[in-house]
Amino acid sequence: MLKNHPNYKIVCLDLLTYAGNLETLESIMDNPNFKFVKGDITDRELVFELFEKEKFDAVVNFAAESHVDRSIENPEIFLKTNILGTQVLMDACRAFDTKRFHQVSTDEVYGDLPLERLDLFFTEDMPIKASSPYSASKAAADLLVLAYCRTYNLPATISRCSNNYGPYQFPEKLIPLVILRALDNKTIPVYGTGENVRDWLYVEDHCRAIDLILHDGTIGEVYNIGGHNEKTNLEVVKTILKELKKPESLITFVKDRAGHDLRYAIDPSKIHKELGWLPTTNFDDGIKRTVQWYLANKNWWEKIINGEYRNYYERMYAEK
Ligand code: NAD
Ligand code: TDX
């Protein structure tokens, strides 16, 4: 946003949970148009004070608890951050007449598609049918956004994107997890059969779509974001192992995730037709770039692997 809109002033409010990392923002910390504030989106007092001070024109809500496996272990914080946090931000937007609120949501709110029906895709008018506590909390937030839009005329939009990958992704998500474990010659835990399908999108393509919706999207509308890039988890894992020249014998099939969604596949035709958005990074290039980034940025991920994350990581993967 700072690169594409050099006259914008941006404030990033982030709680720096286990998933947050100030080092990710290192390259923009000195930009006079950027300010970082550490805080919780569920902290009504702090949020209202910030809105009062900064008089925002627009708010984009990325903040969330985002990892499905963690939501299965302990759903509570997901409900608090993802639902109540969204409510606090929207209440502040109402109180301070913010011109635009954008909710960053996920394709997981639609539930899943059967593996054998490759003709089916998620469209914006499909019913909400979330499977995990994480996706149910995101779905609840989406419904609240639409309710605020209709009841209070909140000028809001929603985007529902498929699985992201790219630099700076926290290494609990499949792609960075596989890269780092393979580099360390550790087993790669593949849930169930490995035939579950995800629709992968390079993170900058997602961000470009959000920028477009924020500026030109129609208030009250939901936009799906995805690049028709479906892969089975096994395909993804094998691609990364090949890129790193590591043997497929590292692959270990482990117990399936509870309620594991079978297939995600986005129909992105609405955002393409209305806003002209198309992805620009194909999967082969994106994966190469991502693997290279992790190879070149050991400093960034080594601290994470050695920090608090280690407890979770060891609990999840000790026996695998
Ligand atoms: P992440 O878990 O890697 O990062 C979440 C960020 O939110 C962290 O910086 C964390 O510190 C911050 N945060 C958490 N709770 C907070 C709170 N209460 N107050 C303020 N900040 C808080 O998540 P991500 O993968 O970067 O996802 C970002 C958004 O995109 C989420 O809303 C997620 O639902 C959505 N999304 C992600 C994907 C994906 O594949 N990663 C796909 C579609 C949509
Ligand atoms: O160790 C693993 N082994 C494995 O087989 C992990 C971490 C995952 N998997 C499987 C589960 C999924 O089928 O890989 C697939 C991708 O898993 P995640 O990276 O956990 O992503 P997913 O559950 O698909 O959800 C992601 O996409 C949608 C994000 O985490 C969400 O925040 C986003 O909304």
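Derivation of every value follows stated rules applied to the coordinates shown; laboratory data play no part. No experiment lies behind these values; they were computed from the predicted model shown. When we count neighbours, we look across all protein chains shown, and the Cβ atoms used for this are built from the backbone with ideal geometry, even at glycine.
A few remarks follow.
- Taking other C-beta atoms within 10 angstrom as a stand-in for reagent exposure, GLU248, GLU221 fall in the order GLU248, GLU221, fewest first.
- The chain: most fluctuating residue of PRO32, PRO127, PRO75 per GNM, C-alpha cutoff 10 Å: PRO32
- The chain: angle of helix 233-243 to the longest principal axis, Cα-based, in degrees nearest 10: 70 degrees
- Summarising the amide proton neighbourhood of PHE253: residues at separation of 5 or more, or on other chains, whose placed amide H is nearer than 5 Å comprise VAL190.
- Once backbone amide H atoms are built at 1.01 Å from N, ARG263 has LEU113, VAL197 as its partners under 5 Å, excluding neighbours fewer than 5 places away on the same chain.
- Gain in span if fully extended, LYS242 to GLU52, counting 0.36 nm per residue against the direct Cα distance: 63.2 nm
- Candidates GLY227, GLY307, GLY166: whichever shows maximal mean-square fluctuation once the chain is modelled as a Gaussian network with Cα springs under 10 Å: GLY307
- Exceeding the 27 Å Cα-Cα cut-off - candidates LYS99/LYS270; LYS80/LYS298; LYS38/LYS138: LYS80/LYS298
- Backbone HN-Hα couplings from phi across segment 247-254 [Karplus 6.51/-1.76/1.60, Hz, Gly and Pro as x]: x, 5, 5, 5, 5, 10, 7, 10
- Chymotrypsin sites (Phe, Trp or Tyr not before Pro) lying in DSSP loop within segment 1-62, provided at most 15 other Cβ fall within 10 Å: TYR8, PHE62
- Charge dipole magnitude, Cβ of K and R +1, D and E -1 - segment 10-317, Cα centre, debye nearest 20: 520 debye
- Segment LYS3-ASP256, extension gain: residue separation times 0.36 nm, minus the distance between their alpha carbons: 86.9 nm
- Projecting the Cα atoms of ILE83, ASN224, ALA19 onto the charge dipole of segment 10-317, computed from C-beta unit charges around the Cα centre, puts ALA19 farthest toward the positive end.
- Likely footprinting exposure, HIS67, HIS215, fewest C-beta neighbours within 10 Å first: HIS215, HIS67
- Applying the Karplus relation 6.51 cos²θ - 1.76 cosθ + 1.60 with θ = phi - 60° to segment 257-274 yields 3J(HN,Hα) values of 5, 4, x, 3, 4, 7, 9, 10, 7, 8, 9, x, 5, 5, 5, 5, 5, 7 Hz, where x marks Gly and Pro.
- Shape of segment 4-73, Cα gyration tensor, a/c cut at 1.5: oblate
- In loop segments of segment 245-290 as defined by DSSP, the trypsin sites (Lys or Arg not before Pro) with at most 11 further C-beta atoms inside 10 Å of their C-beta are LYS245, LYS255.
- Amide H contacts of ILE10: PHE34, LYS35, each under 5 Å away and 5 or more positions distant or on a separate chain (H built 1.01 Å from N in the peptide plane; Pro and chain starts excluded).
- Both radii are taken from the alpha-carbon atoms of the chain; with Rh as the Kirkwood radius, Rg/Rh is 0.95.
- Here the Karplus relation 6.51 cos²θ - 1.76 cosθ + 1.60, evaluated at θ = phi - 60°, turns the backbone of segment 45-59 into coupling constants of 5, 4, 5, 5, 4, 5, 5, 4, 6, 8, 6, 4, 7, 8, 10 Hz, with x for every Gly and Pro.
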